[in-house]
Amino acid sequence: MRLDQYFVSVDDIENVTGESISVADYAKHDKLNVCWQFPIGCDDEG
């Protein structure tokens with residue numbers, strides 16, 4: 001299962017929770033575009 005569809009920005013989390021996360025303002029709107037690679041020898045089956 002790919003997690004890409006669940007990536008959100010810090011700003012999104014702050015808006016939903018009402019909390020403030022200590023992150024530089026320029027980084028609050030960034031989010032990953034793709035999931036990280038699995039290490040050699042690992043698979044996504046568990």
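The values are calculated or read from the model by the stated rules, or taken from the named source; none is laboratory data. All values derive from a computational prediction rather than experimental measurement. All Cβ positions, even for glycine, are placed from backbone atoms using ideal geometry, and neighbour counts span all protein chains on display.
Each residue in the range 6-20 was checked for being more than 12 Å from LEU32 (Cβ to Cβ) and loosely packed, with under 10 Cβ neighbours inside 10 Å, and 5 pass. Whenever a residue of the range 19-32 is closer than 20 Å to ASP4 by Cβ, its partners that are in a loop (DSSP other than H, G, I, E, B), lying with C-beta atoms within less than 7 angstrom and at least six residues away or across chains, give the pairs LYS28/SER9; HIS29/SER9; ASP30/SER9; LYS31/PHE7; LYS31/VAL8; LYS31/SER9; LEU32/PHE7. For the chain, filtering for residues that are at pLDDT below 90, among the charged types (D, E, K, R) and assigned to a loop (DSSP other than H, G, I, E, B) leaves 6.
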